[in-house]
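Structure first, then comments.
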Amino acid sequence: MKRKRVFSWMLYDFGNSAFATTIMAAVLPVFYYDVAAVGLEENLAESYWGYSQSIAVLIVAILAPILGAISDYSAAKKKFLRFFAFMGMIASILLAFVEEGQYIFASILLIIGNIGFSGANVFYDAFLPEIAKDEDEMDKLSAGGFAFGYIGGGVLLAVNILMITQYSWFGIPDVTTASQLSFASVGLWWFIFSIPLLKNIREEKKTLVKREKSFVAIGFSRVTSTFKEIKQFKYLLIFLIAFWMYNDGISTIIRMATIYGRGIGINSNSLIIALLITQFVGIPFTFFFGWLATRITPKRALYLTLYIYVGVVILGYFMATALHFYLLAICVGMVQGGAQSLSRSIYGRMVPANKQAEFFGFYGISSKFAAIFGPFLFGLVGQLTGSSRLGIVSLLVFFIAGIILLRFVNIEKGIQQAKQYAK
């Protein structure tokens, strides 16, 4: 039964990662630039894409801690996961109806889809400590979830690339139609691989206090108290701030890399294929960093991923050809899953056992609220200077700040604080 629950949990990552690959990272950015935003100045298409991403994550950031607190109070994590997942699935399917010049419609659906994807992940992440009963298992399961995500997102992206580059094989009239069908395939893929989680995973039973307020009122009041409580956990708080900073850089690279490459003249097929390379390079390296964490400590392994990201940003400024983009895609693939997996497991170690959903709501703040500023800065710098290259190099500040803050995080003491609180 335990194995079935673990497999079901990881299969959800297998399904929903198609949204991250096909829509957020690979196909939609090119479609947005070439079709939805046709007629706009080049730097404006990139800027509007960045602003759309910032609006989406701002909304998610406001919702995440409230939803985490509500789910913790009501033992309704699965209910909320289902609601937000279906929101993302429907938005993905509706993107198939976006046509030339409809960049506002595309942006609205992108925002709704992002809210669904990110909102569901708040509750998905909160299941991790329930399924993994010890710290070592949490590292392995967290890495396994990301690896499954790479496989699932990569497989569907490969199919969609084939549809787009060889559309006549499938009886599709043109590239635009093939791209639209790829968006619809994401919604269906996500739905199919969500079924095992929704069917097989049951939440741990909790003794619930009779409530006298609405869930929304309870959520706001618990968010306020959680902000006060989290200050008791010095190292957890410092880690959250560090994560806030470097994750902003990571998420901006994920969200902006393809449209950035398109803006500097790299052809659309090369961009999409490079993102596929990232996916499959990421599979073994996600496991590698999970193994490396047991040899050199999770914190040192995380440092290594961030140093590589600094190199990616610097080299990205000078990027000029498709070959350059391929090489950077390989570098990102090497560290993307490792950085995210290690961050989630380090955070999970320092969370008190009786505050999992609530504190993972704060993890949602760190990963979503932080992600507001990177795309916005990228878009703003590009719009003001007319150069997206200066936008990409501005991301260095996020990685450097995160690396510096990590130096003040003592994971062992953070774990001790969590255990003492849960007694």
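The values are calculated or read from the model by the stated rules, or taken from the named source; none is laboratory data. From a predicted model like this one, the values you see are computed outputs, not experimental measurements. Every residue, glycine as well, gets a Cβ built from its backbone with ideal geometry; the counts of neighbours run over all protein chains shown. What goes into the accessible areas is simple: the full protein's heavy atoms, side chains included, and nothing from ligands, DNA or RNA. Shrake-Rupley method; radii C 1.70, N 1.55, O 1.52, S 1.80 Å.
With the charge dipole of the chain set up from +1 on Lys and Arg Cβ and -1 on Asp and Glu Cβ about the Cα centre, the Cα lying farthest toward the positive end among the listed residues 275, 400, 35 is that of 400. Taking the C-alpha atoms only, the angle from helix 42-74 to the longest principal axis of the chain is near 20 degrees.
Projected onto the charge dipole of the chain (+1 at Lys/Arg Cβ, -1 at Asp/Glu Cβ, origin at the Cα centre), which of 166, 188, 291 gives the Cα projection farthest towards the positive end? So the residue furthest toward the plus end is 291. For the stretch 303-382, the normalised intensity computed at q = 0.13, 0.17, 0.18 Å⁻¹ comes to -0.57, -0.86, -0.92 (log10 of I(q)/I(0), Debye sum over alpha carbons, equal scatterers, no solvent). Each Lys and Arg adds +1 at its Cβ and each Asp and Glu adds -1 at its Cβ; summed about the Cα centre, the chain shows a dipole of about 1980 debye. Note on the chain: dipole from Cβ charges, positive end direction compared against 106, 379, 409; the farthest Cα belongs to 409.
Given R₀ = 22 Å, what would the calculated FRET efficiency be for residue 38 paired with residue 387, taking r from the Cβ atoms and rounding to 0.05? Efficiency for this residue pair is about 0.55. Normalised by the number of residues in the chain, the mean separation of alpha-carbon contacts (under 8 Å, six or more apart) gives a relative contact order of 29 percent.
Seen against the Cα atoms of the chain and their longest principal axis, helix 396-406 is set at about 20 degrees.
Estimated from helices alone, the mean residue ellipticity of the chain at 222 nm is -26500 deg cm²/dmol (sum of -39500 (n - 2.57) over DSSP H runs with n ≥ 4, per residue).
The three principal axes of the Cα atoms in the chain give end-to-end lengths of 61, 41, 37 Å, sorted in falling order.
Cross-link check: pairs 4/213; 228/419; 199/228 evaluated at a Cα-Cα cut-off of 28 Å; pairs beyond the cut-off: 4/213; 199/228.
Taking Cα atoms only, the orientation of helix 175-192 departs from the longest principal axis of the chain by about 20 degrees. When both the stretch 1-61 and the stretch 81-122 are represented by their alpha-carbon centers, they are found 9 Å apart.
In the chain, the portion of solvent-accessible area held by carbon and sulfur atoms comes to 67 percent [1.4 Å probe, whole percent, DNA, RNA and ligands not counted]. Name the GluC sites (Glu not before Pro) in the stretch 1-97 that are in a loop by DSSP and that have at most 13 other C-beta atoms within 10 Å, would you? Hits after loop and neighbour filter: 41.
Dipole check for the stretch 81-211: with +1 at the C-beta of Lys and Arg, -1 at the C-beta of Asp and Glu, and the Cα centre as origin, the magnitude is about 640 Debye. Extension gain for residue 213-residue 83 works out to 44.6 nm (0.36 nm per residue, less the C-alpha to C-alpha distance).
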